[in-house]
Amino acid sequence: MGKPMALNVLKKGFPLVVYNRTASKTEDLARAGARVARTPREATEAADVVVTMVSNIEAVEAVLTGIDGILRGLKNGKVFIDMSTITPDSSRRFAAMVEETGAKMLDAPVSGSTGVAEKGELTVMVGGDPRVLNEVRVVLQAMGKFIFHIGDNGSAVSMKLVINHFVAGMTALLAEGLSLSESLGIDPSVFSNVLNSSAVKSPMYDMKTPKMVSRDFSAQFPLKLIVKDLDYITLTAEKAGARMPVHDAVKEQYSAAAREGLGEKDFSVLYEFLTKK
């Protein structure tokens, strides 16, 4: 997700400095005009707005608090935007660290596939001071079509976990429904056409039905990351005292598929797991 988002920032005319723990992943960005930094600190010192898009809490913490991490390059007037999907508690903890440097932090996770990211049409959920959001809105608009201010720090991450609860659950239902329809002798193309003309039509099903029917499970969003998000949802729901019986059942299905070695494939591979003889 990070690369197409960064490319769109470049396309909008912003000067860009990039860092990735795997240097080869910055090559396309360098060819497009970005300067490659050797450390997160170097990138931060060169920027007014610092954006992270990494896989989990541990990755955010590493890039933020390392010896040459982002915190060492932040100062008054800079804005740090974490667009990763983590937990609200961890996001608020990171925001407190950032505040100590004099800088400001927004949590701004996104909803949308890599294809949507390439078009610059992501939905961006933002938590933090709305005045800070207004300062950096033009940067977020380079990456997203819809920008929603949710509330204080951590609130946008909370909203993203709720969205991913639906994403995981809807895709699990799709996998079961397609499997059931095939067991009943219904042609997959008929299933797809009827589904997308029915009351349950959705952009999620538009994306995932063709992958399941063709059994093309090249990763748009790897199964291992949806399992990570489901774990974060469990932690967050338990703290909030929310009962999530459907979530618990869905999480077990994806976790079982991950245990079968399917973690690097798109999470729609749950269909293959369910139909495996």
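Observations on the structure shown:
Every residue, every condition in (1) buried (at least 17 other Cβ atoms within 10 Å of the Cβ); (2) modelled with pLDDT under 95; (3) assigned by TED's automatic domain parsing to the domain that holds residue 126; (4) over 30 Å from residue 95 (Cα atoms), yes or no:
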residue: 165; (1), (2), (3), (4): yes, no, no, no
residue: 181; (1), (2), (3), (4): yes, no, no, yes
residue: 185; (1), (2), (3), (4): no, no, no, yes
residue: 189; (1), (2), (3), (4): no, yes, no, yes
residue: 223; (1), (2), (3), (4): yes, no, no, no
residue: 227; (1), (2), (3), (4): yes, no, no, no
residue: 237; (1), (2), (3), (4): yes, no, no, no
residue: 245; (1), (2), (3), (4): no, no, no, yes
residue: 250; (1), (2), (3), (4): yes, no, no, yes
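- Being modelled with pLDDT of 95 or more and touching a Lys or Arg at 6+ places or on another chain (Cβ under 7 Å) holds for only one residue in 159, 125, 143, and it is 125.
- Here is the figure for the stretch 15-30: residues that are surrounded by fewer than 16 Cβ atoms within 10 Å (Cβ to Cβ) and not polar (S, T, N, Q) total 7.
- The stretch 190-217 residues that are over 15 Å from residue 115 (Cβ atoms), paired with ones that are in a helix (DSSP H, G or I) and among the β-branched types (Val, Ile, Thr) (beta carbon under 6 Å, 6 or more apart): 192/209; 217/269
- Test result for residue 126, touching an Asp or Glu at 6+ places or on another chain (Cβ under 9 Å), among the β-branched types (Val, Ile, Thr) and not assigned by TED's automatic domain parsing to the domain that holds residue 54: no
- Within the stretch 262-277, the set of residues being farther than 15 Å from residue 171 by Cα and either under 22 Å from the mean Cα position of the chain (by Cα) or of a type in the set (Phe, Trp, Tyr) (or both) comprises 262, 263, 264.
The values are calculated or read from the model by the stated rules, or taken from the named source; none is laboratory data. Owing to the predicted nature of the structure, the values given are computational and were not obtained by experimental measurement. Neighbour counts run over all protein chains shown; Cβ positions are idealised from the backbone, glycine included.
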